[in-house]
Each structure stands twice: as structure tokens, then as C-alpha cells.
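The values are calculated or read from the model by the stated rules, or taken from the named source; none is laboratory data. Since we're looking at a predicted model, the values are computed, not measured. Every residue, glycine as well, gets a Cβ built from its backbone with ideal geometry; the counts of neighbours run over all protein chains shown. With ligands, DNA and RNA removed, areas are computed over all heavy atoms of the protein, side chains included. Shrake-Rupley method; radii C 1.70, N 1.55, O 1.52, S 1.80 Å.
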Amino acid sequence: MSLAESSKLNKIVKQQYLDLPQGDKVQATYVWIDGSGEGLRSKTRTLDSELKSVQDVPEWNFDGSSTFQSEGSNSDMFLIPVALFRDPFRKDPNKLVLCEVLKHNKQPAETNLRDRCRRIMSLVEKEHPWFGMEQEYTLLGTNRHPFGWPRNGFPGPQGPYYCAMGADKAYGRDAVEAHYRACLYAGVNICGTNAEVMPAQWEFQVGPCEGITMGDHLWMARYILHQVCEDFGLIASFDPKPIPGSWNGAGCHTNFSTQDMRQEGGLEVIEAAIERLAKRHHYHIRAYDPKGGLDNVRRLTGQHETSNIDEFSASVANRGCSIRIPRAVGDDKKGYFEDRRPSANCDPYIVTEALVRTCLLKEEGDEPAHYTQ
Ligand code: ADP
Ligand code: MN
Ligand code: MN
Ligand code: MN
């Protein structure tokens, strides 16, 4: 069987069944991050009453020995519902439930970075930190080759593909369209999409989102993308450099502002934050991909609109920098800045946490500080 055989099953026949009335039962799909820190897992249960808020969703559990999350001998892990979305696949009244994972001793699992992010965000609530993340990804076909690329060899060189129109330039738009609408239906705060520089590479943007909700919405947007791609027989890859050589990598630019940055005189606050970031480059690089920098080193070469992984740089409107101040923000003298370093496969919880630690909690040095609340 080839990888995407189930995408060829008859989706119209499937729809006959999905159109059946479901009585007063609700299907709730619990979604969580697995032990790789990149993969998403989910399972569904039937609940009896309509779910109005995440507090209505009961805790659940799963077998952590099958998700790289625990040893077989003590493998029960807890699923703690933290954010509720409408289910765009089964539609109302069904739900997608984003969960935190706790170990058998009720401590956060190793790849549950949300727990710590939430604590850090609670320290800076009054500053109203907003984030917007630009998720780049590559559509792969069943052979794990970029979708639409010639079986042997390469498409024409980069240039015509970014924001492009036309069947010879935009590879896989159906999946992009389906994902966008599914996110809107679900209640994910998606704010845009565009075709990227490498053919079969795309981007969607989520934001602005305040505090912990940035990570929640981005992870759910990724979950929805993976499931949409199943229907099309495609695979969404978040590898930061899927094709070596003269092809753009995939990042997750993270835009950041506080109330002070968004108000009159905000540019000075932005510049002060950038000065702090300049002194803590390596801490951020370690946080910006799941392998502590080893993934991003393939992407941050100083070419293809990236900065060099070893050097910090910042300026207005320059896409070859670690930090870019958008042109309009430079002109208005207030707004936000963009950190271009995070990898496409970053965990948004640790990326947003790191920005808050350095820029707002004024941490220095290579290690995150401890706080007693
Ligand atoms: P680029 O020009 O870098 O491609 P995009 O238009 O793709 O920029 O993405 C801009 C991102 O900035 C979006 O995710 C948006 O939500 C976010 N954003 C806009 N205003 C703010 C703000 N004040 N604070 C934080 N993020 C913001
Ligand atoms: Mn963008
Ligand atoms: Mn982009
Ligand atoms: Mn950008």
C-alpha cells in the first residue's frame, strides 16, 4: 500500500454517513503533543451533553508507551483539556479539545512545554503581550517528494513561486484553501496565507494572539493541516530545510508586541527589547527548534532570506536579519517586531516564553531563571 492510499477512498460515500443525525451525543477529539515534541496525536470519545466551555470537558488518559512518552510499566498519562475548538471535520456540535499531558505523578510530561509557558505568561499579563506566528510548511506527495515536483529532478529555479498564480507555479492550493476555511470554522485565529518562495511551500499566519493562546492556536492550526492533508493524499512537512541547496527553508517568524510597543513612543520600547535579544542570541537559538539549534542550523545559513545562526542582527525592513522591524512600524514609530529565527518545527510555547523572559522579565545569560509565585 502506498502512503496515502486512504486519500483515494470515496469521500462522497463517506459524506453520506457524516450527514447522518447524531442524536444528542457529542464527539470530542482530544489532541495532544507526543513525546517527539513535534508530532500530534488524537483520539475521540462520545460525550453526553453539549460542551460550552473547556471546563465542561472531562480529563482523560492514554498509553504513553506508544507515543514516546513513558515506559510500558507505568504508562498511563493524563490528558487535561485546556482549549476548545469547533470540529471542522465532523462539524457542530462536535469539538476538538487541545490538551496538556501530565505524567502518572501529575507532573507535566517532558514535551508539555505549555505548563511553564503559562506560568511565565501569567507574570506579564498586565503588559498584554501579543504574538503573531507565520507558519511555513512544505506539501509532500506520497513519495515524500515535494508535491508537484518532477519525479526525477527539480522544478525551475526560485523566483516565480512566491504569492504566485497559475498551475505551473502554485503547487497544492486545494489543501491550503481547505485548511484556511477549516481553521476559520474551528475558531483558530488564522489571519492569512500565501504561497512561498519554494514551489510546494506555503505559509499561514496566526495572530495576533495574547499570551498562552498563541501556542494553543498554532498547534491546533497544525493539527487541522495534518488532517486536511490526509484527505488530499498529501503530507505537511515542518522540516526547516526540506530540500538542501538553493531552495528556501521553512521558518516560523514570530511577531511580538506589548501594549507599550503598540502605543505612542513604542519604537523606543521595541529597540530596548532588541538590545536585550542581542545579548541572549544563543539562548534563543536553543529554544527555537526541538533539537536545540541542530535543526535550524541547516536553515539559518545567511542565504535565502535568513541570518547566520551564529550571529545576531537587527534592522528595519531587512529580511536577512535575526530581527526585522517592519517598514510600517519604523514609519509609525510604534507597533511590533519580527523574530525571524524560529524554525518551522518550533514549539510556539517555548518561543513565546523565551521572548517574554528576555524582553519583559529582563533575563540575561544562557539559562532561564526560576520564579517563585
Ligand atoms: P511578513 O511581512 O513578515 O511576511 P505576515 O503578514 O506574513 O508578515 O505576518 C505578520 C504577522 O504579524 C501576523 O501573524 C500578524 O498576526 C502579526 N501581527 C500583526 N500585528 C501585530 C502586533 N501588534 N503584535 C504582534 N503580532 C502582530
Ligand atoms: Mn509572512
Ligand atoms: Mn514567509
Ligand atoms: Mn515574516
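Considering only Met198, Met165, Met214, the Gaussian network model of the chain with Cα springs below 10 Å gives its largest mean-square fluctuation to Met165.
Calculated FRET efficiency, Arg181 to Glu50, Cβ-Cβ distance, R0 = 30 Å: about 0.80 to the nearest 0.05.
Between the alpha-carbon centres of the stretch 25-96 and the stretch 121-154 there is a gap of 23 Å. Each residue, Leu20 and Ala272, gets one label point 7 Å from its Cα in the Cβ direction; the gap between the two is 6.2 nm. Between Ala317 and Ile325, Arg327, the built amide H atoms are under 5 Å apart, and every one of these is 5 or more places off in sequence or on another chain.
Solvent exposure of His128, expressed as accessible area, is near 70 Å², computed with a probe of 1.4 Å over the protein chains only. Ordering Cys252, Cys191 by accessible surface, largest first, gives Cys191, Cys252; the 1.4 Å probe counts only protein heavy atoms, with every chain in place. What relative contact order, as a whole-number percentage, does the stretch 83-168 give when Cα pairs under 8 Å and 6 or more residues apart are counted? Relative contact order, the stretch 83-168: 11 percent.
Restricting the stretch 77-175 to trypsin sites (Lys or Arg not before Pro) that sit in a DSSP loop and have at most 14 other Cβ atoms within 10 Å of their own Cβ leaves Lys91, Lys106, Arg144, Arg151. Considering only Pro240, Pro342, Pro290, the Gaussian network model of the chain with Cα springs below 10 Å gives its largest mean-square fluctuation to Pro290. With Rh defined as the Kirkwood radius, the inverse of the mean 1/r over Cα pairs, the Rg/Rh of the chain is 0.97. For the set Leu294, Leu300, Leu113, the ranking by accessible area, highest first and with no ligand, DNA or RNA atoms included, is Leu294, Leu113, Leu300 under a 1.4 Å probe. Computed on protein heavy atoms with a 1.4 Å probe, the accessible areas place His104, His284 in the order His104, His284, largest first. Length gained on full extension, His370 to Glu264, computed as 0.36 nm times the residue gap minus the Cα-Cα distance: 34.9 nm. Note that the stretch 1-109 presents 57 Å² accessible area per residue, ligands and nucleic acids not counted, probe 1.4 Å. Rolled with a 1.4 Å probe across the full set of protein chains, the surface gives Glu353 an accessible area near 0 Å².
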